[in-house]
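Worksheet: one structure, shown below.
Here, each number is a calculation from the coordinates, and none is a lab measurement. Note that the structure is predicted; figures quoted are calculated from it, not measured. FYI the Cβ positions are ideal-geometry reconstructions off the backbone, even for glycines, and counts take in every protein chain you see.
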Amino acid sequence: MESMHTPDAANRLMRELDWNLLRTFVVLAQSQSITEAAHRLRLTQPSVSTALKRLEDRVGRRLIDRKPGHFELTNAGQVLYREAVDIQGSILRLSTLMREMTDEVTGHVRIALASHVICPLFDSVLAEFHAEHPRATLSIDVFSSAEAIDSVSGRFSSFAVCLVHRRNPKLEYLRIYREFFGLFCGPSHPLFGRRNLTRADLAGHSAVSFETDRLQDALKPVTLMRAEAEMGDLVVGTSSHLEEVRRMIIAGLGIGPLPLHVAKRDVDDGMMWQLPPYDTTPAIDVHVVWNPKATLNRAEQSLLNRLLARIEATPMEERTYR
């Protein structure tokens, strides 16, 4: 394979590289085998293999390490995949550059939202935006936080509101609010309705939680809170959606974590009972995440600018929900 280090080789790559090869490679990188990629692309397996070979010849690097029972991106493949996703996002958003400019702000805004974001500031900004630009349209996709960030990175979403664990240096972040998590149980649980409980009373009880409730993930403080209660490792149910964690808590599957301000109504209605700790509940920050390299239409830019300006103008204590 010819090296692409020289200027002439780089210019030749720019002239000759076919976007369809990159598109095929993106699907390959997201698959477990060439057979799976071929099925997703609706192509034959030999066609996909040939496309991969052509791309490897073009870039002068082996991109996928393939052998029986093993299908993994090489280091070069990982680099190319990140850039190809970026390019794909740019192509998908080319239409924003072609739109006729008018005095009225129109366009579609696609927001990637972590499950059950409860934030009066965010709701107020949406209401004001719609009142000022009634012809702009909006869609909200509910994802796990990791999926929401991937959607922004790939330029499929205008911006995201989600938890953040590891920061992508290509994206921008601004904290929109802080919430505090507590532990709760449902009406059928043996601890429901009991007062003067201590952490020791939680020991040995099963749990339900979020998929990100791990030491290496965004809800690490919640994981530590469960560990300090010595609840053990028996997690009988998980979900990336808050509504489903809430469902499992109320159904009595186990003790689970929820934001205090989100669970308040269920507690008041007798559907859930808060458990210790009461005074040292962990804080979790929720961020707005956007891609500074994305080409936004007027509606997207207007809503994002309005949201960021409101966040900056609102003291943190007013964006803290206990």
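When the convex hull of the Cα atoms of segment 178-284 is projected onto a plane and the area is averaged over all directions, what value comes out in nm²? The orientation-averaged projected area of the Cα hull of segment 178-284 comes to 5.8 nm².
Based on other C-beta atoms within 10 Å, arrange Phe210, Phe180 from fewest to most.
Values: Phe210 26, Phe180 16.
Least to most surrounded, the residues fall as Phe180, Phe210.
For the residues Lys220, Lys53, what sequence is obtained by ranking on other C-beta atoms within 10 Å, fewest first?
On the way: Lys220 16, Lys53 11.
With the fewest neighbours first, Lys220, Lys53 line up as Lys53, Lys220.
For a footprinting-style exposure proxy, rank Glu312, Glu230 by other Cβ within 10 Å, fewest first. Mind dumping the intermediate values first?
Details: Glu312 8, Glu230 12.
Sorted ascending by nearby Cβ count, the order is Glu312, Glu230.
Quote the convex hull volume per residue of the chain, based on C-alpha atoms, as a whole number of Å³.
Details: hull volume 58.2 nm³, N = 322.
Measuring per residue, one finds 181 Å³ for the Cα hull of the chain.
The length gained on full extension between Asp269 and Ser47, counted as 0.36 nm times the residue separation minus their Cα-Cα distance, comes to 74.0 nm.
Over segment 150-192, what number does the Rg to Rh ratio reach, with both radii from the alpha-carbon atoms and Rh per Kirkwood? Don't skip to the answer; put the middle values down first.
Values: Rg = 17.0 Å, Rh = 13.8 Å.
My calculation puts Rg/Rh at 1.23.
Report the one residue of Leu21, Thr44, Leu63 whose Cα lies farthest in the direction of the positive end of the charge dipole of segment 7-92 (charges on C-beta: Lys and Arg +1, Asp and Glu -1; origin at the Cα centre). The residue sitting farthest along the positive end of the dipole is Thr44.
Looking at the chain, how many pairs of lysines come closer than 28 Å at the Cα, when each pair is eight or more places apart or spans two chains? Show your work: numbers first, answer last.
Numbers: Lys53/Lys67; Lys170/Lys220; Lys170/Lys293; Lys220/Lys264.
For the chain, the number of qualifying lysine pairs is 4.
Run through every distinct alpha carbon pair of segment 116-162 and return the Kirkwood hydrodynamic radius in angstroms, one decimal place. Can you show the working numbers first?
Details: mean 1/r = 0.0839 Å⁻¹.
Here the Kirkwood hydrodynamic radius works out to 11.9 Å.
Could you sort 233-245, 112-124 so that the peptide with the highest average Cβ count within 10 Å comes first and the rest follow in order? Don't jump to the answer; show the numbers that get you there.
Values: 233-245: 15.7, 112-124: 17.5.
Top of the packing list down: 112-124, 233-245.
Principal axis extents of the C-alpha atoms in segment 102-246 (largest first, rounded to whole Å): 64, 33, 22.
Per DSSP helix of 4 or more residues, -39500 (n - 2.57); summed, then divided by the residues of the chain. What does that give at 222 nm, rounded to the nearest 500? Walk me through the numbers on the way to the answer.
Numbers: 12 runs with 131 residues, N = 322.
Mean residue ellipticity, 222 nm, calculated: -12500 deg cm²/dmol.
Do you know the relative contact order of the chain, to the nearest whole percent, from alpha carbon pairs under 8 angstrom that are 6+ apart?
Values: 525 pairs, mean separation 67.1, N = 322.
So the answer I get is 21 percent.
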